[in-house]
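A quick write-up on the structure given underneath.
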Amino acid sequence: MSAEAKMEIGTLSVSTSPHIRSEESISKIMWSVNAALAPAALFSVYNFGMPAVTNLLLCIISAVFTEYLVLRWQGKDNVICDGSAVLTGLLLAMNIPAGLPWYMPVFGSVVAIGIAKHTMGGLGYNIFNPALIGRAFLLASWPIAMTTWPTPASLLGKVDAVTSATPLGIMKLQGYEKLVALFGDKMEMYKSLFIGTRGGSAGETSAVLLLLGGAYLIYKGYINWQVPVTMIATVGVLTGVFGGDPIVHMMSGGLILGAFYMATDMVTIPITIKGQVIFAIGAGLLTVLIRLLGGYPEGVCYAILLMNCVTPLIDRLVRPKKYGARG
Amino acid sequence: MAKSFRGGVHPDDRKRYTATKAIEVAPVPVKVIIPTRQHIGAPCAPVVTVGDLVKKGQVIAEAQAFVSSPIHASTSGKVVEIADYPHSVFGSCVAIVIESDGQDEWLEGLPLDRQWKAMEADEIKDAIRQAGLVGMGGATFPTHVKMAPPPDKSIDTFILNAAECEPYLTADHRAMLEYTEKIVTGMQIAMKALGVKRGIVGVEENKPDAIAAMQKVCGVVGIEVMPLETKYPQGAEKTLIHVITGKEVPSGALPMDVGVVVQNVGTAIAIADAVERGIPLIERVTTVTGAAIAEPKNLLLRVGDTFSNAIAMCGGFKEEPMKVIAGGPMMGMAQSNIEAPIMKGTSGILALTAADVNPGVERPCIRCGRCVEACPMGLIPSMLSILGERGAYPVAKEEYDLLDCVECGSCVYVCPAKRNIVHYIKLSKAQNAAMAAKK
């Protein structure tokens with residue numbers, strides 16, 4: 001025994017095993033999703049200019065401030081920086097038209113955080129995706145403002161109006177031919193949808209940037225690829241079967257934004273991958289039903305919210321196979 | 001490709017601290033503190049009294065039930081006290097304290113010189129029972145119980161659990177390199193006692209030298225060495241059986257119900273010693289390691305030596321430990337007192353710094369599903385933690401298979417909300433047991 005061995009110890013911490021943990025944390029996940037959304041959010045600024053900036057700032061600041069007030073009131077303001085309120089604000093800003101009057105983004109964020117998230121008990125307990133509830137609330141309260149789409153700054157030279165419908169809106173009201181004509185030809189239309197120089201909710205327009213962010217989240221293991229792929233594929237297949245242009249349907253109406261960033265919201269979707277696939281098929285199916293048969297040209301928001309309602313049911317029905325029961 | 005199972009996690013194995021350190025024989029302690037509970041099952045009753053002189057290998061506490069295992073003096077000397085002492089699993093427990101006479105003298109007639117090949121199965125089993133063998137991987141189930149399946153269960157496969165999937169621990173790894181022959185002999189003896197032809201060694205791939213060493217000896221006697229993917233909990237009995245044989249042990253059943261008996265590397269060594277030489281289980285290889293230990297080592301320690309002695313043999317602490325753990329970081333027990341004695345099941349002494357522990361603040365479950373993917377038993381750990389937190393213990397048991405949880409800790413390891421899932425599960429199991437006892 002070495003004489004100089006140091007044996008002094010302070011109070012030892014005693015708790016149940018395991019005694020080591022991975023580096024993952026809620027903040028890491030939330031900030032990663034924020035980072036994944038950043039390119040598409042920045043593109044919305046390029047696309048729509050200052051109105052997009054004001055929306056982003058208003059949504060994020062009011063979401064975080066609401067979260068701060070609620071947590072403060074509950075005496076647990078130590079988790080304010082976990083990135084989840086920022087994410088809700090960011091998603092809401094990306095899901096609404098750029099340039100809404102200031103009070104609308106603010107109301108939307110207060111509803112998203114204050115009601116959808118915190119009346120349910122806060123992060124982890126909410127049944128519905130808070131940003132989508134915020135958006136649904138705004139759509140119900142100010143339907144006209146919420147469906148008045150600014151024309152991208154990058155297109156202003158070509159088109160004489162300052163507002164334009166979304167591609168799906170044009171298709172629903174004026175027909176497919178008119179939509180193609182607006183972009184010039186089919187290839188131009190696809191290109192524009194893919195890159196994102198078109199009308200729509202601020203952050204939903206650039207398919208390519210949203211896909212890149214999504215790929216990053218899949219690579220990091222923060223979302224399962226099965227969810228977005230199944231949801232987008234369901235919409236593509238069904239719209240194709242019913243005679244639509246699947247590519248237009250898959251790349252517009254916020255489908256990519258919804259499929260990668262909201263249908264994957266871990267809090268509100270089933271916990272098993274099998275259950276998540278069922279969720280994604282359901283969300284895709286409802287999206288197509290609303291788009292083709294319903295009154296709205298777009299259906300992603302309601303489709304996901306409706307599927308959020310059945311998440312507990314799916315969780316009850318779809319269980320992992322237990323060891324020892326697999327034979 | 002190495003075999004694996006569904007679920008599990010990949011923590012950094014941290015075996016580099018001690019993987020290349022040859023086993024050092026610890027000096028005979030000045031006194032040994034031998035607890036009367038060293039196994040799962042009924043505690044033992046002391047059969048010596050204060051003032052008795054005992055020899056090394058002498059029975060000092062006798063088993064009172066079938067699922068129990070006798071306890072022997074780990075050195076020669078005088079019984080100076082029988083009293084409550086710190087215990088690494090139960091907090092405290094009655095222990096027999098022997099002051100060493102420095103002679104370290106064997107009980108008369110020990111060690112023996114027996115030819116195991118000439119022994120009957122029953123003789124072998126009896127030798128194992130008398131030697132007080134328990135599972136040395138940490139679960140400490142009495143070995144003779146595993147070795148005596150009822151006649152209606154036919155055993156066809158013997159598995160040596162050499163996965164050593166717990167991070168940090170290298171006791172089995174080193175033993176496979178240094179006591180290769182003895183381990184294989186122990187396996188052969190166990191196979192003879194069980195009447196089994198098929199023997200398989202399951203080793204994780206992160207020990208290529210051990211795989212090679214074992215293959216060399218095993219090949220000669222027709223035992224297969226199977227490399228397994230390095231993944232925790234590869235060495236959990238049920239996952240190991242599934243990976244190696246493709247069979248699943250039904251819920252609530254034992255490995256013997258699917259014709260398999262699993263023993264740990266340390267136990268195989270103890271079997272060889274017990275049967276060939278009549279030597280009881282009084283010492284074991286323990287890994288003393290972690291960032292807070294000055295000079296991590298693999299030590300051959302007496303049962304009854306203390307954690308503090310073992311740590312001192314490794315140069316003491318170089319940094320203040322936040323946690324000292326008996327066993328590995330995934331399933332070991334956190335200690336409040338390092339004066340607790342080494343027991344038959346002490347596979348490691350681990351001193352972790354605050355940086356290693358990374359506890360974080362517990363948050364509500366965000367339903368990310370990582371625990372579901374990590375659970376080797378196919379359970380929904382998140383739900384078990386929520387039900388435990390709410391006190392809905394019977395629901396956890398009846399609807400979410402609480403009792404199938406093996407407490408491997410994979411769920412807690414991956415949880416981004418830093419939830420103490422295993423804690424809630426242990427609590428729920430205890431509460432359900434208490435409610436059942438009341439009825």
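The values are calculated or read from the model by the stated rules, or taken from the named source; none is laboratory data. Since the model is a prediction, treat every value here as computed from it, not as a measurement. Cβ sites come from the backbone with ideal geometry, for glycine too, and all protein chains shown count toward neighbours. The accessibility values were calculated without ligands, DNA or RNA, using every heavy atom of the protein model including side chains. Shrake-Rupley method; radii C 1.70, N 1.55, O 1.52, S 1.80 Å.
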For this session: Could you sort out which of B:Lys323/B:Lys426; A:Lys274/B:Lys207; B:Lys397/B:Lys418; A:Lys191/A:Lys274; B:Lys216/B:Lys247; B:Lys78/B:Lys146 sit more than 30 Å apart by Cα distance in this structure?
Result: A:Lys274/B:Lys207; A:Lys191/A:Lys274; B:Lys78/B:Lys146
For this session: Could you work out the relative contact order of chain A, using alpha carbon pairs under 8 angstrom and six or more residues apart, expressed as a whole percent?
Result: 16 percent
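Using a ≥ b ≥ c from the Cα gyration tensor of region A:111-238 (square roots of the eigenvalues), is it rounded, prolate or oblate, where a/c under 1.5 gives rounded and otherwise the larger of a/b and b/c decides, a/b for prolate? If you can, show how the numbers build up before the last one.
Working: a/c = 2.20, a/b = 1.41, b/c = 1.56.
Cα axes put region A:111-238 in the oblate bin.
Which whole-number percentage describes the relative contact order of region A:98-247, with Cα contacts under 8 Å and a sequence gap of 6 or more?
On the way: 126 pairs, mean separation 21.4, N = 150.
Taking the mean separation of contacting Cα pairs over the length of region A:98-247, I get 14 percent.
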Exercise. B:Val47 to B:Asn358: extension gain in nm, 0.36 nm per residue of separation minus the Cα-Cα distance?
Worked result: 107.4 nm
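Viscosity 1.306 mPa s, temperature 10 °C: Stokes-Einstein D of chain A from its Kirkwood Cα radius, in µm² per second? Display every interim value, and only then the final one.
Details: Rh = 20.9 Å.
In µm²/s, the coefficient is 76.
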Exercise. Where only protein heavy atoms count, and the probe is 1.4 Å, what is the accessible area per residue for region B:1-125 in Å²?
Worked result: 51 Å²
Exercise. Which is farthest toward the positive dipole end of chain B among B:Ala162, B:Met383, B:Ile342, measuring Cα position about the Cα centre, with Cβ charges +1 (Lys, Arg) and -1 (Asp, Glu)?
Worked result: B:Met383
Exercise. Calculated FRET efficiency, B:Trp106 and B:Asp209, Cβ-Cβ r, R0 30 Å, to nearest 0.05?
Worked result: 0.35
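Between rounded, prolate and oblate, where does region B:198-293 land on the alpha carbon gyration tensor, with a ≥ b ≥ c its root eigenvalues, rounded for a/c under 1.5, else prolate if a/b exceeds b/c?
Values: a/c = 1.29, a/b = 1.16, b/c = 1.11.
It is rounded, given that a/c, with a ≥ b ≥ c, falls under 1.5.
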Exercise. What residue among A:Lys76, A:Lys274, A:Lys191 shows peak mean-square fluctuation when chain A is described by a Gaussian network model with Cα springs under 10 Å?
Worked result: A:Lys76
Exercise. If you take all C-alpha pairs in region B:36-193, what percent of them are over 22 Å apart?
Worked result: 53 percent
Exercise. Taking amide H positions as placed 1.01 Å from N in the peptide plane, with prolines and chain starts having none, which residues 5 or more places from B:Asn264, or on another chain, fall under 5 Å of its amide H?
Worked result: B:Met136, B:Gly137, B:Asn161
Problem set entry | Chain pair A, B: total accessible area buried, heavy atoms, 1.4 Å probe, Å² | 5300 Å²
Exercise. Taking H as built 1.01 Å from N, whose amide H comes closer than 5 Å to the amide H of B:His87, not counting residues under 5 places away?
Worked result: B:Ser92, B:Cys93
Problem set entry | Amide proton proximity set for B:Thr140, modelled H, under 5 Å, gap of 5+ | B:Gly135
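Calculated FRET efficiency, B:Glu339 and A:Leu57, Cβ-Cβ r, R0 51 Å, to nearest 0.05? Walk me through the numbers on the way to the answer.
Details: r = 60 Å, r/R0 = 1.18.
Efficiency, from the Cβ-Cβ distance: 0.25.
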Exercise. Can you tell which of A:Leu211, A:Val318, A:Ile127 lies farthest toward the positive end of the dipole of chain A, using +1 and -1 charges on the Cβ of basic and acidic side chains (Lys, Arg; Asp, Glu)?
Worked result: A:Val318
Exercise. Per residue, what accessible area does region A:9-158 have, given a 1.4 Å probe and all protein chains present, in Å²?
Worked result: 41 Å²
Exercise. B:His87 accessible area, nearest 10 Å², 1.4 Å probe?
Worked result: 10 Å²
Exercise. Label points 7 Å out from Cα along the Cβ direction at A:Leu313 and A:Tyr219: separation in nm?
Worked result: 3.9 nm
Exercise. Of the listed peptides B:398-409, B:102-113, what is their order by residue-averaged count of other C-beta atoms within 10 Å, with the highest listed first?
Worked result: B:398-409, B:102-113
Seminar exercise, completed: Out of A:Met231, B:Thr353, B:Ala45 - ranked by how far each Cα lies towards the positive end of the dipole of the protein assembly as shown, with unit charges on the beta-carbon of charged residues - the top one is A:Met231
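What is the dipole size for region B:1-104, taken about its Cα centre, with +1 at each Lys and Arg Cβ and -1 at each Asp and Glu Cβ, in debye to the nearest 20? Write out the running numbers ahead of the final one.
Values: 11 positive and 10 negative charges, 129 e Å.
So the magnitude is around 620 debye.
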For this session: Take the Cα atoms of the protein assembly as shown, build their convex hull, and give its volume per residue in Å³.
Result: 181 Å³
Exercise. Per residue of A:21-33, what is the mean number of Cβ atoms on other protein chains within 10 angstrom of that residue's Cβ?
Worked result: 5
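Can you give the calculated 222 nm mean residue ellipticity of chain B, where each DSSP H run of n ≥ 4 adds -39,500 (n - 2.57) and the sum is split over every residue, rounded to the nearest 500 deg cm²/dmol? Walk me through the intermediate numbers first.
On the way: 14 runs with 129 residues, N = 439.
About -8500 deg cm²/dmol.
Shape verdict for chain B, please, from the Cα gyration tensor: rounded (a/c under 1.5), prolate (a/b greater than b/c) or oblate. All intermediate terms of the calculation are to be shown ahead of the outcome.
Details: a/c = 1.42, a/b = 1.22, b/c = 1.16.
Rounded.
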Exercise. At a Förster distance of 56 Å, what's the computed FRET efficiency of B:Glu181 paired with A:Tyr125, Cβ-Cβ distance as r, to 0.05?
Worked result: 0.40
Problem set entry | Under Karplus coefficients 6.51, -1.76 and 1.60, residue-wise ³J(HN,Hα) of region B:296-309 in Hz, glycine/proline x | x, 8, 9, 10, 8, 10, 6, 4, x, 5, 9, 4, 5, 4
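When only C-alpha pairs under 8 Å and at least 6 residues apart count, what is the relative contact order of chain B, in percent? Display every interim value, and only then the final one.
Details: 1044 pairs, mean separation 82.4, N = 439.
Rounded, it is 19 percent for chain B.
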Problem set entry | Cα centre as origin, Lys/Arg/Asp/Glu Cβ charges: region A:194-327 dipole, Debye | 640 debye
Exercise. Between B:Asp113 and B:Asp257, what is the label-to-label distance in nm when each label sits 7 Å out along the Cα-to-Cβ direction?
Worked result: 4.7 nm
Seminar exercise, completed: In region B:59-131 the accessible area split gives carbon plus sulfur, as whole percent at 1.4 Å, a share of 46 percent
Seminar exercise, completed: With x for Gly and Pro, the residue-by-residue ³J(HN,Hα) of region A:249-262, computed from phi through the Karplus equation 6.51 cos²θ - 1.76 cosθ + 1.60 at θ = phi - 60° and given in whole Hz, is 5, 6, 9, 10, x, x, 5, 5, 4, x, 5, 8, 10, 10
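Might you report the magnitude of the Cβ-based charge dipole of region B:239-325 about its Cα centre, with Lys and Arg at +1 and Asp and Glu at -1, to the nearest 20 debye?
Working: 7 positive and 9 negative charges, 11 e Å.
The dipole magnitude comes to about 60 debye.
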For this session: Convert each backbone phi in region B:22-39 into a coupling constant with the Karplus relation 6.51 cos²θ - 1.76 cosθ + 1.60 (shift: θ = phi - 60°), then list the ³J(HN,Hα) values in order as whole Hz, x for Gly and Pro.
Result: 4, 5, 9, 7, 6, x, 5, x, 5, 9, 10, 10, 10, x, 8, 10, 10, 7
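For the peptides A:230-238, A:85-93, what is the packing order when you average, over each peptide's residues, the other Cβ atoms within 10 Å and list the highest mean first? Don't skip to the answer; put the middle values down first.
Details: A:230-238: 22.0, A:85-93: 28.3.
Order by mean packing, descending: A:85-93, A:230-238.
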